[in-house]
Amino acid sequence: MTRRGWALFLAMGVIWGVPYAMIRVAVVDLDPIVVAFGRTLIGGLLLLPVALYADALAPVLRRWRPLLLYTVVEITGPWFLIGYAETTLHSSTVGLLIAAVPLIAVVIVTVLGHDRFDARRVAGLLVGFAGVAALVGLDVDLGNPAAIAAIGLTTVGYAVGPIVINRALADLPPLGVVTASLLLAAVIYAPFAGWLRPSHVTADAAWSVLGLAVVCTAVAFLFFFALIAEVGPARATVITYINPAVAILLGVTALGEPLTAGMAIGFPLVILGSVLGTTRGRDEARTDLAAPPTPEAAVPLPER
């Protein structure tokens, strides 16, 4: 990997590990819908000139139905639900629970018939979900099942989103898909955010929302597309395994969250399970290289 590739890789690992801490700060003073609205609106408006210059929006808008579905399962639902969960859960806990998304994706893709279970994949799922169970059982107050359900729905949404991309939007410009999705999500949030708008916004909350929009959304996606161009889609998605480590580090050092036994046990198990469950074997890799590209091989667009 080139120096530029390493720089982009490390930048993305940090940038998409930061949002959980920023969301935790923002939802102390703002309703989660207001936080999500500010992030999507500002982020979308910042990306809009770039998308228009690249002529990336027009073909995307012609497929508004799958675009709407993608927006709901990958942005509108998850970004509100994460904010809601972080009103009671530690940001580091949420970041680690969401690291289980690859495991959920493997189950969904296999059930749909686009993949199959083998011994390695089954072992990965068992190890990964054991890590989730350890984290939930040791760290999470089960007296608040709504927060756990919110993160559960978020992981399912994050797993379904790339499938929608691969099935219906894979041939469209990724920049156009992201920009249109952000602005569409802002439109969906708008009436609720207007109703729940605060009479006063603290500086911490305002800076957190601005950071989420500018750094963790607009800049993040521009960096992510540059990373894909530099190192390829397979290596680019490895940042998924870096993000939870950053979320834990920031939660513990910046927000004073505890480093718990659940994290110490759950983190390595979730990451190991995700690697085992999603890495293709040699035979599968050779088959994929010999076959022509298909929509199923398209690059997913992780939203964090």
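The values are calculated or read from the model by the stated rules, or taken from the named source; none is laboratory data. Quick caveat: nothing in here was measured; it's all calculated off a predicted structure. When we count neighbours, we look across all protein chains shown, and the Cβ atoms used for this are built from the backbone with ideal geometry, even at glycine. The area values use the complete protein model at the heavy-atom level, side chains included, leaving out ligands, DNA and RNA. Shrake-Rupley method; radii C 1.70, N 1.55, O 1.52, S 1.80 Å.
May I ask for the Kirkwood hydrodynamic radius of the chain, worked out over all distinct Cα pairs and given in angstroms to one decimal? The partial results should precede the final answer.
Values: mean 1/r = 0.0510 Å⁻¹.
One over the average 1/r among Cα pairs gives 19.6 Å for the chain.
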(message) Considering only C-alpha atoms, what is the centroid distance from segment 155-197 to segment 42-84, in Å?
(response) 4
(request) Starting from the Cα gyration tensor of segment 145-210, take the square roots of the eigenvalues, sort them a ≥ b ≥ c, and report rounded, prolate or oblate (rounded when a/c is under 1.5, otherwise prolate if a/b is larger than b/c, else oblate). (result) oblate
(message) Charges at C-beta only: +1 for Lys and Arg, -1 for Asp and Glu. How large is the resulting dipole of segment 82-235 about its Cα centre, in Debye rounded to 20?
(response) 280
(message) Just the number please: accessible area per residue for the chain, 1.4 Å probe, all protein chains included, in Å².
(response) 45
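Under unit Cβ charges (Lys, Arg +1; Asp, Glu -1), what dipole magnitude, rounded to 20 debye, does the chain have relative to its Cα centre?
On the way: 17 positive and 18 negative charges, 111 e Å.
My answer is approximately 540 debye.
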(message) Can you compute the helix-only [θ] at 222 nm over the chain? Use -39500 (n - 2.57) per DSSP H run of at least 4 residues, normalise by all residues, nearest 500 deg cm²/dmol.
(response) -21500 deg cm²/dmol
